[in-house]
1. Please list 3J(HN,Hα) in residue order for segment 18-26, calculated via the Karplus relation 6.51 cos²θ - 1.76 cosθ + 1.60 where θ = phi - 60°; whole Hz, with x for glycine and proline.
2. Give the shape of segment 210-289 as rounded, prolate or oblate, defined through the alpha-carbon gyration tensor: a ≥ b ≥ c are the square roots of its eigenvalues, a/c under 1.5 means rounded, and otherwise the shape is prolate if a/b is larger than b/c and oblate if not.
3. Assuming a ≥ b ≥ c are the square roots of the Cα gyration tensor eigenvalues, decide whether segment 172-238 counts as rounded (a/c under 1.5), prolate (otherwise, with a/b larger than b/c) or oblate.
4. Just flag the GluC sites (Glu not before Pro) in segment 96-171 sitting in loop per DSSP whose Cβ has no more than 15 other Cβ atoms within 10 Å.
5. Using only C-alpha positions, report the orientation-averaged shadow area of the convex hull of segment 401-503, nm², one decimal.
6. Please turn the phi angles of segment 202-215 into ³J(HN,Hα) values with the Karplus equation 6.51 cos²θ - 1.76 cosθ + 1.60 (θ = phi - 60°), one per residue in order, whole Hz, x for glycine and proline.
7. Quick one: which residues, 5 or more positions from Met330 or on another chain, have an amide H under 5 Å from its amide H? H modelled 1.01 Å from N in the peptide plane, none for Pro or chain starts.
8. With the radius of gyration and the Kirkwood radius both derived from the Cα set of segment 283-363, what is their ratio Rg to Rh?
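Every read-out reported here was derived from the displayed coordinates using simple, explicitly stated rules and does not represent laboratory data. If you're wondering where the values come from, they're calculated on a predicted model, not measured in any experiment. Heads up, the Cβs are rebuilt from the backbone with ideal geometry, glycines too, and the neighbour counts pull from every protein chain shown.
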Amino acid sequence: MAARVLNVNVGVLGHIDSGKTALARALSTTGSTAAFDRAPQSRARGITLDLGFSCLRTALPPQLGPGPGELQFTLVDCPGHASLIRTIIGGAQIIDLMMLVIDVTKGMQTQSAECLVIGQIACQKMVVVLNKIDLLPEEKRQSAIEKMTKKMQKTLENTKFCGCPIVAVAAKPGGPEAPESENPLGVSELIEVLKSQAYLPSRDPSGHFLMAVDHCFSIKGQGTVMTGTILSGSVSLGDNVEIPALKVTKKVKSMQMFHTPVTCAMQGDRVGICVTQFDPKLLERGLICTPDSLHTIHAAIISLEKIQYFRGALQTKAKFHITVGHETVMGRVMFFSPAPADFNEEIQENVFDFERDYLYQEEYLSKDSVSSEENKENNQAGEVQLPRQQWALLEFEKPVTCPKLCLVIGSKLDTDIHANTCRLAFHGVLLQGMEDKNYSETFLPKLKVYKLKHKEGQVERVMDDYSVIGRSLFKKETNIQIFVGLKVKLSTGEDGIIDGGFGQSGKFKIRIPDGLKPETKMLLTVASKKKSKGGKGDMTKEDESSKNDSAQPVTISLSFKRYVFDTQKKMIQS
């Protein structure tokens, strides 16, 4: 029986020129597709343009179980160039353990911080690698390494990677031009640390097969090879797999893992799958799956959290770059929360309840967000109460193909790449996709998101004990008929009901079922006398005092809620 091979995917992330590719090369024993900047455009520009994969095999450490076997680290070398962050996000979703590579002479840089954010979202464990220690003068080397180690520990204090191992290396002493005979420093110590951090990632061969393809090429006389990492399920020789982007299904002819033929592969494995011929240019990267198991969606509901390092508010109606699976598209967002009474309810994991009412938000609510009018309305006390869970409706500019419950990241990738700022804005889980192109008619009306509306007007005069005339609540051209029957409240405490329009200038009649209080009547009578008296000679002292008494007019408040996607725009009062 062949010795078992346990595969752990290790992401090599960091700022451009921190030496990630050199580190992957120093660690690797077997290179695979795109490894070590083989692509001509990568070599020409001297930077990694795509995810490069290679592997390192070592004896199985004792914490991973008894018996013979090998531990295979699949190293995913992610590009560090700012404009390639989309690729990094795609890579991070297939990573079990992350190596954050830091240039020891520079410390944390903008993209190192963004990689750290991606790691916090997508990864459980991390090792920090301080690279290029050969550039430090030998007599000061140790103290400089200790200083940078302390700095990194401080940076990681409030993250989930607090206390993670920090290892100092020189992956390519003397830099890229140095002869190959120069031995790397610290790499064997790093391998031991990686072995100590390795764990049994949860792997499940059941469920639909789904694979993230990152390279595609053809082999004459054999077919087309797609290489990638299996995200879920398993695949065997002879299976049919669907390429949703091309709307075709192909048969699996052969499979390899790092140049070794295999008959089946499962979740977490990195594999090359050869299928019957098609043009590899049509599929640079994307997903392949069990036939009919993926959806192509035009919009989605996600549950989300803001990324704490993102500066600025997340506004409803704003556009973001939305990364879903391996695709990044532009999308518009609308944020919403539970109704204020439910702000403290338990978080609903991985489900969305269409029976509930939700409150529309002008922006994602966070400590630093200015509470919107509606929130002030709900928080008279002044302190902003935050919901435990918030959601967003995403509307994509072009459809995306993805599984349900996949990771979603929203970013502002058009921010100046030289600005020292985090461009990742939020992350979340896709709960519900909308496959119908006409989702705004067929699907959105089921989504019960409401806005609280509040209008104020004034009582103009009393008609009798049970009715008053109001003004300034509606514009002249408003059709008052649609407001008939809605409840209003007077600032003096009485409840009223809008009875209909009065005249042509937007005035209206209010019925007070329980009658006006005597003091309200008096207040309004004084006020109307004031008006009729206005401008008749000089005022006496008594007039002055009574004017001050009635300086506060009686206001009328009308509050109702309206569902954002209700085609009839009904006004609802509880």
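1. For segment 18-26, the Karplus curve yields 8, x, 5, 5, 4, 5, 4, 5, 5 Hz.
2. Verdict is rounded for segment 210-289.
3. Note, shape of segment 172-238 comes out oblate.
4. Those satisfying the criteria are Glu157.
5. The Cα convex hull of segment 401-503, projected and averaged over all directions, gives 13.4 nm².
6. For segment 202-215, the Karplus-derived couplings read 6, 10, 9, x, 7, x, 5, 6, 8, 9, 8, 8, 10, 8 Hz, x marking Gly and Pro.
7. Residues meeting the criterion, in which the H sits 1.01 Å from N, are Ile322, Glu397, Lys398.
8. Details: Rg = 15.8 Å, Rh = 15.6 Å.
That ratio is 1.01, to two decimals.
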